[in-house]
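The structure appears right after this line, and notes come after that.
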Amino acid sequence: MRMHKKCHLEERLENCADILTRADLADKNMKRAVSVKEYLDFEKIFGNPNPVYLEIGCGKGKFVCETALMHPELNFVACEKISNVLIDACERVKSENIKNVYFLNCAAEVLSKYFRPNTVGGIYLNFSNPLPKEGYKKQRLTHPKFLEIYRNILCEGGRIFQKTDDEAFFLFSLESYRQCGYKIISECRDLKNNPVEGDAETEHERLFKERGKNIYRIVAEA
(Lines give C-alpha, C1' and ligand atoms only; values in the text may rest on other atoms or scores of the structure.)
Protein backbone atom coordinates (compact mmCIF):
# COMPACT_ATOMS: atom_id res chain seq x y z
CA MET A 1 0.00 0.00 0.00
CA ARG A 2 1.36 3.39 -1.01
CA MET A 3 1.85 5.82 1.86
CA HIS A 4 -0.05 9.09 1.59
CA LYS A 5 2.11 12.20 1.64
CA LYS A 6 1.94 13.80 5.06
CA CYS A 7 0.30 17.19 5.37
CA HIS A 8 2.63 20.19 5.08
CA LEU A 9 5.59 17.82 4.60
CA GLU A 10 7.95 20.36 3.01
CA GLU A 11 7.22 22.96 5.66
CA ARG A 12 7.76 20.41 8.43
CA LEU A 13 11.06 19.28 6.92
CA GLU A 14 12.18 22.89 6.67
CA ASN A 15 11.39 23.33 10.37
CA CYS A 16 13.86 20.50 11.06
CA ALA A 17 16.61 21.89 8.83
CA ASP A 18 18.94 22.39 11.80
CA ILE A 19 19.11 18.63 12.37
CA LEU A 20 18.75 17.44 8.78
CA THR A 21 20.72 17.28 5.55
CA ARG A 22 18.63 16.51 2.47
CA ALA A 23 20.20 15.00 -0.62
CA ASP A 24 19.05 15.69 -4.15
CA LEU A 25 16.96 12.53 -4.45
CA ALA A 26 15.97 13.43 -8.01
CA ASP A 27 19.43 12.52 -9.34
CA LYS A 28 19.27 8.79 -10.03
CA ASN A 29 22.87 8.64 -11.30
CA MET A 30 24.48 7.50 -8.05
CA LYS A 31 28.04 7.48 -9.40
CA ARG A 32 27.73 11.09 -10.47
CA ALA A 33 26.05 12.08 -7.23
CA VAL A 34 28.68 10.49 -4.99
CA SER A 35 31.61 11.91 -6.97
CA VAL A 36 30.89 15.43 -5.73
CA LYS A 37 31.77 15.34 -2.05
CA GLU A 38 29.75 17.26 0.55
CA TYR A 39 31.41 15.93 3.69
CA LEU A 40 29.51 16.66 6.88
CA ASP A 41 31.48 18.27 9.70
CA PHE A 42 30.23 16.20 12.63
CA GLU A 43 32.28 18.02 15.24
CA LYS A 44 30.57 21.23 14.16
CA ILE A 45 27.13 19.61 13.89
CA PHE A 46 27.22 18.01 17.34
CA GLY A 47 29.52 20.50 19.05
CA ASN A 48 31.86 17.76 20.25
CA PRO A 49 34.39 15.20 18.90
CA ASN A 50 32.50 12.12 20.15
CA PRO A 51 32.42 8.95 18.02
CA VAL A 52 29.75 8.83 15.30
CA TYR A 53 27.44 5.86 14.73
CA LEU A 54 25.15 5.48 11.73
CA GLU A 55 21.73 3.87 11.35
CA ILE A 56 20.73 3.15 7.75
CA GLY A 57 16.97 3.09 7.30
CA CYS A 58 15.88 4.68 10.57
CA GLY A 59 12.15 4.69 9.86
CA LYS A 60 10.21 6.68 12.46
CA GLY A 61 13.24 6.86 14.73
CA LYS A 62 12.37 4.67 17.72
CA PHE A 63 15.68 2.79 17.69
CA VAL A 64 17.98 5.76 17.16
CA CYS A 65 16.19 7.94 19.73
CA GLU A 66 16.27 5.30 22.45
CA THR A 67 19.87 4.33 21.66
CA ALA A 68 21.00 7.96 21.67
CA LEU A 69 19.41 8.53 25.07
CA MET A 70 21.21 5.46 26.43
CA HIS A 71 24.54 6.68 25.01
CA PRO A 72 24.98 10.44 25.44
CA GLU A 73 28.73 9.89 24.97
CA LEU A 74 28.11 8.97 21.31
CA ASN A 75 26.71 10.83 18.32
CA PHE A 76 24.23 9.24 15.92
CA VAL A 77 23.42 9.93 12.29
CA ALA A 78 20.13 8.42 11.14
CA CYS A 79 19.79 7.90 7.40
CA GLU A 80 16.40 7.45 5.72
CA LYS A 81 15.66 7.99 2.03
CA ILE A 82 11.88 8.33 2.43
CA SER A 83 11.25 11.84 3.71
CA ASN A 84 7.59 11.04 4.38
CA VAL A 85 8.79 8.59 7.05
CA LEU A 86 11.83 10.55 8.19
CA ILE A 87 9.80 13.55 9.31
CA ASP A 88 8.35 11.58 12.24
CA ALA A 89 11.85 10.78 13.50
CA CYS A 90 13.02 14.37 13.06
CA GLU A 91 10.07 15.79 14.94
CA ARG A 92 10.52 13.30 17.77
CA VAL A 93 14.15 14.37 18.21
CA LYS A 94 13.09 18.01 18.24
CA SER A 95 10.23 17.47 20.70
CA GLU A 96 12.35 15.38 23.08
CA ASN A 97 15.34 17.75 22.70
CA ILE A 98 17.74 14.91 21.89
CA LYS A 99 21.06 16.58 21.13
CA ASN A 100 23.12 13.68 19.80
CA VAL A 101 21.03 12.68 16.76
CA TYR A 102 21.30 14.16 13.26
CA PHE A 103 19.45 13.07 10.12
CA LEU A 104 20.47 12.42 6.55
CA ASN A 105 17.80 12.13 3.86
CA CYS A 106 19.58 10.10 1.19
CA ALA A 107 20.01 6.66 -0.36
CA ALA A 108 22.67 4.34 1.06
CA GLU A 109 24.44 4.35 -2.33
CA VAL A 110 25.66 7.91 -1.72
CA LEU A 111 26.77 7.68 1.91
CA SER A 112 30.41 8.24 0.97
CA LYS A 113 29.38 11.62 -0.46
CA TYR A 114 28.69 12.81 3.10
CA PHE A 115 31.01 10.72 5.28
CA ARG A 116 34.77 11.01 5.17
CA PRO A 117 36.65 7.70 5.05
CA ASN A 118 37.21 5.97 8.40
CA THR A 119 34.92 8.22 10.45
CA VAL A 120 32.06 5.93 11.52
CA GLY A 121 32.36 3.79 14.64
CA GLY A 122 29.51 1.44 13.80
CA ILE A 123 26.55 0.92 11.49
CA TYR A 124 23.07 -0.31 12.38
CA LEU A 125 20.98 -2.14 9.78
CA ASN A 126 17.60 -2.75 11.38
CA PHE A 127 15.03 -4.76 9.45
CA SER A 128 16.18 -3.62 6.02
CA ASN A 129 13.96 -4.67 3.14
CA PRO A 130 15.06 -8.27 2.33
CA LEU A 131 14.09 -7.87 -1.36
CA PRO A 132 13.64 -11.64 -1.78
CA LYS A 133 13.40 -11.75 -5.58
CA GLU A 134 16.69 -12.79 -7.19
CA GLY A 135 16.66 -9.83 -9.55
CA TYR A 136 16.76 -7.39 -6.64
CA LYS A 137 19.64 -8.88 -4.66
CA LYS A 138 22.07 -6.11 -5.69
CA GLN A 139 19.76 -3.66 -3.90
CA ARG A 140 19.91 -5.53 -0.58
CA LEU A 141 21.77 -3.43 1.99
CA THR A 142 24.18 -6.28 2.75
CA HIS A 143 25.08 -6.97 -0.86
CA PRO A 144 28.86 -6.73 -1.40
CA LYS A 145 28.49 -3.41 -3.25
CA PHE A 146 27.07 -1.85 -0.09
CA LEU A 147 29.54 -3.61 2.22
CA GLU A 148 32.36 -1.92 0.29
CA ILE A 149 30.72 1.47 0.84
CA TYR A 150 30.45 0.74 4.55
CA ARG A 151 34.06 -0.44 4.76
CA ASN A 152 35.19 2.87 3.30
CA ILE A 153 33.44 4.98 5.94
CA LEU A 154 33.93 2.68 8.95
CA CYS A 155 36.83 3.21 11.31
CA GLU A 156 39.34 0.40 11.62
CA GLY A 157 37.61 -2.32 13.61
CA GLY A 158 34.22 -0.67 13.08
CA ARG A 159 31.23 -2.98 13.30
CA ILE A 160 27.90 -3.55 11.59
CA PHE A 161 24.98 -4.49 13.82
CA GLN A 162 22.20 -6.09 11.80
CA LYS A 163 18.73 -7.33 12.76
CA THR A 164 16.17 -8.98 10.49
CA ASP A 165 13.10 -11.17 10.70
CA ASP A 166 13.89 -12.82 7.35
CA GLU A 167 15.94 -16.03 7.58
CA ALA A 168 16.90 -16.02 3.89
CA PHE A 169 18.18 -12.46 4.19
CA PHE A 170 20.05 -13.40 7.37
CA LEU A 171 21.83 -16.26 5.54
CA PHE A 172 22.50 -14.07 2.49
CA SER A 173 24.02 -11.42 4.76
CA LEU A 174 26.28 -13.89 6.55
CA GLU A 175 27.64 -15.06 3.21
CA SER A 176 28.12 -11.48 2.00
CA TYR A 177 30.07 -10.49 5.11
CA ARG A 178 32.38 -13.46 4.76
CA GLN A 179 32.78 -12.93 1.02
CA CYS A 180 33.88 -9.34 1.65
CA GLY A 181 36.35 -10.22 4.41
CA TYR A 182 34.29 -9.07 7.38
CA LYS A 183 34.75 -10.99 10.62
CA ILE A 184 31.57 -12.41 12.13
CA ILE A 185 31.70 -11.45 15.81
CA SER A 186 28.37 -12.98 16.73
CA GLU A 187 25.23 -14.40 15.19
CA CYS A 188 21.90 -15.09 16.86
CA ARG A 189 18.91 -16.89 15.38
CA ASP A 190 16.47 -16.18 18.21
CA LEU A 191 16.97 -12.70 19.63
CA LYS A 192 13.64 -12.72 21.45
CA ASN A 193 14.84 -15.49 23.78
CA ASN A 194 18.47 -14.31 23.79
CA PRO A 195 18.19 -10.54 24.27
CA VAL A 196 21.21 -8.28 24.09
CA GLU A 197 21.51 -5.79 26.93
CA GLY A 198 21.13 -2.23 25.72
CA ASP A 199 19.80 -3.21 22.29
CA ALA A 200 16.79 -0.98 21.66
CA GLU A 201 13.78 -2.35 19.81
CA THR A 202 12.58 -0.92 16.52
CA GLU A 203 8.93 -0.43 15.62
CA HIS A 204 9.06 -3.48 13.34
CA GLU A 205 10.87 -5.60 15.90
CA ARG A 206 8.20 -5.14 18.53
CA LEU A 207 5.50 -6.07 16.01
CA PHE A 208 7.37 -9.15 14.79
CA LYS A 209 7.96 -10.38 18.33
CA GLU A 210 4.26 -10.01 19.12
CA ARG A 211 3.53 -12.15 16.07
CA GLY A 212 5.95 -14.82 17.31
CA LYS A 213 8.46 -14.36 14.49
CA ASN A 214 12.13 -15.16 14.94
CA ILE A 215 14.49 -12.21 15.06
CA TYR A 216 18.00 -12.75 13.68
CA ARG A 217 21.03 -10.66 14.63
CA ILE A 218 24.56 -10.40 13.24
CA VAL A 219 27.55 -8.40 14.43
CA ALA A 220 30.27 -8.16 11.77
CA GLU A 221 33.59 -6.34 12.00
CA ALA A 222 35.28 -4.63 9.07
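The values are calculated or read from the model by the stated rules, or taken from the named source; none is laboratory data. This is a predicted model, so every value here is computed, not measured. Quick reminder, even Gly has a Cβ in these numbers, built from the backbone with ideal geometry, and neighbours come from all protein chains shown. These accessible areas exclude ligands, DNA and RNA; they are computed on the full protein's heavy atoms, side chains included. Shrake-Rupley method; radii C 1.70, N 1.55, O 1.52, S 1.80 Å.
Listed values, structure above:
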item	result
Over the chain, volume per residue of the alpha carbon convex hull, in Å³	135
Net +/- balance of residues flanking Val52 in space, Cβ distance below 13 Å, scoring K and R +1, D and E -1	-2
Positive dipole terminus of the chain, leading residue within Cys65, Ser112, Val101 (C-beta point charges)	Ser112
Portion, in percent, of the accessible area of segment 114-222 that falls on carbon or sulfur, probe 1.4 Å	46
All Cα pairs of segment 45-176, percent lying beyond 21 Å	39
Segment 82-222 - charge dipole about Cα centre, Lys and Arg +1 at Cβ, Asp and Glu -1, debye rounded to 20	320
Across Lys99/Lys209; Lys37/Lys81; Lys137/Lys163, pairs whose alpha-carbon gap is larger than 27 Å	Lys99/Lys209
Accessible area (Å², per residue) of the chain, counting only protein heavy atoms and a probe of 1.4 Å	53
Base-10 log of normalised Debye intensity for segment 2-101 (one unit scatterer per alpha-carbon) at q = 0.15 Å⁻¹	-0.66
